Amino acid sequence: MSEVASRESFATRMLASVERVGNKLPDPTMLFVGLLVIVWVLSWLLSFISFELIDPRTSAPLVVNNLLTGPSMTEWLSVLVTNFTHFHPVGVVLVAMLGIGVAEHTGFINTGLRALLGVTAKWLITPMVILVGIVSHSAVDAGYVLVIPLGGIIFYAAGRHPLAGIAAAFAGVSGGFSANFVPSSLDPLLQGLSQAGARILDADITLNPLNNYFFTTASSFLIIGLGWYLTDKVVEPRLRGVELDGHLEDLPTMHPLEPHERKGLNASLIALLLGVIVMVVTALPGDSAWRDASGSLATGTAPIMRSIVSLIFLMFVIPGVVYGIAAKTIKSSKDVIDGMTKAMHSMAYYLVIMFFISQFVYAFGQSNLGVLLALQGAAGLQVLALPAAVTLVGIVMLTAFINLFVGSATGKWGLLAPIFVPMLMALGISPDLTQAAYRVGDSSTNIITPLMPYFPLVVVYCQRYVTSTGIGTLTAMMLPYSISFLVTWTIFLVVYFMLGLPLGLGASYTYP
């Protein structure tokens with residue numbers, strides 16, 4: 001057997017082992033129940049220990065809060081309902097799915113995808129899906145509820161394995177979360193936290209919201225190319241023996257558009273175009289109601305950015321209804337409600353698991369275990385005092401590890417920025433470069449951690465095609481992307497840094 005074949009055989013066996021072990025884990029819902037109990041017990045045990053660490057949020061000594069005390073338990077029970085109802089991913093997914101349900105039920109999505117595939121070369125489908133996933137970051141969490149399921153549908157309609165399409169889309173949306181050439185609300189959010197951390201040492205420092213723009217733009221080409229290779233050469237070949245046994249009757253099939261479908265598609269696209277024109281016209285004026293108090297459209301507080309999910313809802317409902325009327329797939333208003341109802345039926349399992357995830361996230365935050373993990377890791381890195389390039393690799397790897405436990409990109413950077421940014425400034429490394437290193441580590445392991453709130457949703461998407469899909473299946477499918485992204489992207493960052501290529505607008509590599 002050749003050395004290459006031997007390596008491929010080993011990789012195949014390793015991924016099969018990951019899938020086998022992962023699928024033997026309890027149902028994801030019970031996994032989070034178990035994690036909740038573990039957090040409670042750890043909070044009790046560690047509450048007796050005094051840590052010589054300062055909480056950057058309060059400037060007071062860090063204390064692990066015991067969640068098994070009477071006041072803590074009664075407080076948890078009092079907020080149990082709001083933990084669930086106010087959990088951000090729940091509302092985002094359900095509202096978007098209402099609109100998508102209408103568009104799918106009337107046939108708008110089915111016809112649109114068939115028309116798209118009719119003009120797209122088959123060999124370009126993979127990079128197209130990854131590219132759309134990367135661009136979807138501009139719409140906050142839209143990629144999770146829109147692009148990932150469409151990745152499966154597009155691949156299935158093209159005669160390819162739908163799980164490979166989901167994997168490619170997931171890699172673009174989540175694995176390449178910080179690779180984008182279109183500015184998004186994430187840029188000013190991270191910049192604001194970086195600037196706050198930098199002002200611990202320099203009260204007058206100001207960072208540009210697009211201080212990583214050139215690096216993230218270049219990174220998008222890296223992620224598309226790497227994701228394309230992994231999907232076509234590693235992931236999809238491994239899926240060829242996986243049979244489809246899910247609910248496939250409503251999925252698109254490749255056949256020419258009927259006259260009524262073409263009529264409906266044309267009408268719906270005109271409606272969609274008119275909607276976009278209205279959006280642009282109303283957003284252009286300097287005093288537009290879509291802008292924030294400073295006149296910006298791109299910040300997280302701008303109404304247009306806070307309305308993304310609502311706009312996605314309308315973007316599917318309006319063309320979906322117009323398509324249904326023009327193509328005569330809608331007979332009455334009941335058909336519209338039926339589409340929404342059917343979409344909600346598919347979300348039943350997701351709601352159950354989100355209830356328990358929301359309780360785990362609450363407990364993990366209240367206990368301060370996540371802060372402890374971040375602070376201990378950063379303290380260890382500071383003691384090592386390594387060269388700049390090696391320190392950057394350490395920041396990437398530490399962030400990637402912490403990302404397995406603390407999912408929110410901004411929440412995690414809110415904890416780490418006050419530590420990493422001034423720490424590296426003292427070593428002569430700029431806040432702009434530190435932020436870039438954080439973004440690489442934060443993105444790469446998103447796709448292999450069940451603790452990421454949208455991970456169970458992707459499992460549900462896969463189960464539509466392969467009912468036996470579990471945590472292990474998805475983890476094994478995404479592991480090649482995660483490892484490759486982490487290693488290659490880290491090397492790319494170090495080379496980018498050593499070549500002195502521009503990071504972004506008004507950015508630098510060194511401080512001062």
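Bear in mind these aren't lab numbers, they're just calculated from the coordinates by the rules spelled out. Just so we're clear, the structure is a prediction, and the values are computed from it rather than from any experiment. When we count neighbours, we look across all protein chains shown, and the Cβ atoms used for this are built from the backbone with ideal geometry, even at glycine.
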If each DSSP helix of 4+ residues adds -39,500 (n - 2.57) and the sum is divided by the residues in the chain, what number results at 222 nm, nearest 500 deg cm²/dmol?
-21500 deg cm²/dmol
Tail beyond 29 Å, pair distance distribution of segment 3-499 (Cα, percent):
54 percent
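Mean separation of Cα pairs under 8 Å and 6+ residues apart, divided by the residue count of segment 3-499: what relative contact order is that in percent?
This gives 27 percent for segment 3-499.
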Scan segment 282-345 for chymotrypsin sites (Phe, Trp or Tyr not before Pro) in coil per DSSP, keeping those whose Cβ has at most 13 other Cβ atoms within 10 Å, and list them by number.
none
Counting only pairs 8 or more places apart or on different chains, how many lysine pairs in the chain have C-alpha atoms closer than 29 Å?
10
Taking amide H positions as placed in the peptide plane 1.01 Å from N, state which residues far from residue 54 in sequence (5 or more) or on other chains have amide H under 5 Å from it.
62
What's the longest piece of the chain with no exposed GluC sites (Glu not before Pro), counting a site as exposed if DSSP puts it in a loop and it has at most 12 other beta carbons within 10 Å?
250-512
